[in-house]
Structures are given as C-alpha cells and as structure tokens.
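**Student:** Structure in structure tokens, see below.
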Amino acid sequence: MTDHQANCVHCERTSEQVPLIQMNFQGNHYWICPQHLPIVIHKPQMLVGKLPGVENLKGEEHDHQ
Ligand SMILES: [Zn+2]
C-alpha cells in the first residue's frame with residue numbers, strides 16, 4: 001500500500017479531485033471523500049473488501065440482530 005497518495009477507499013478519487021477526510025481505524029489511516037462518508041455511517045458493509053475490518057461495524061439499519 002502506498003501512502004504518498006491519499007485516495008477515497010470507495011471511489012479512489014484523490015485529494016487532487018475531492019476533499020478527503022482521514023479516518024483512523026484499527027491503527028491504520030484511511031481516506032474517504034465527503035460523498036462516501038455516509039456509507040461508513042449507514043452501510044459499512046458496502047466497504048467490505050476495501051476497508052479491512054469493516055465487517056465488524058454495524059450499520060444503523062442492522063442493529064436488531
Ligand atoms: Zn469517494
């Protein structure tokens with residue numbers, strides 16, 4: 001993984017194209033754009049495969065398990 005070029009974990013756009021928000025997750029740093037930040041909040045399962053460990057998060061819509 002390269003860390004010199006920040007890009008959104010979902011759409012992979014860089015900070016040259018969109019503002020990016022840094023996330024600190026399980027000791028690693030990730031970036032996400034404001035457009036896709038709601039995915040982390042509401043549908044984190046959509047990021048499985050892109051954000052390691054995200055499967056442990058629960059979206060608001062699935063808290064009845
Ligand atoms: Zn994005």
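Since every read-out is calculated from the coordinates, none of them should be taken as a lab result. Bear in mind the structure is a predicted one, so any value in this text is a computation, not a measurement.
**Student:** Whose amide H sits under 5 Å from the amide H of PHE25, counting only residues 5 or more places off or on another chain, with H placed in the peptide plane?
**Tutor:** TYR30
**Student:** Could you go through segment 7-22 in sequence order and give the Karplus-derived ³J(HN,Hα) for each residue, using 6.51 cos²θ - 1.76 cosθ + 1.60 with θ = phi - 60°, rounded to whole Hz, and x for Gly and Pro?
**Tutor:** 8, 4, 5, 9, 9, 6, 6, 9, 5, 6, 9, 9, x, 10, 9, 7
**Student:** Here's another thing I want to ask about it. Provide the per-residue ³J(HN,Hα) series for segment 29-44, in order, calculated from phi with Karplus coefficients 6.51, -1.76, 1.60 and θ = phi - 60°, each as a whole number of Hz, with x at glycine and proline positions.
**Tutor:** 9, 10, 10, 8, 8, x, 5, 9, 4, x, 5, 5, 7, 9, 9, x
**Student:** Taking amide H positions as placed 1.01 Å from N in the peptide plane, with prolines and chain starts having none, which residues 5 or more places from ASN7, or on another chain, fall under 5 Å of its amide H?
**Tutor:** Placed amide hydrogens put TRP31 under 5 Å from ASN7.
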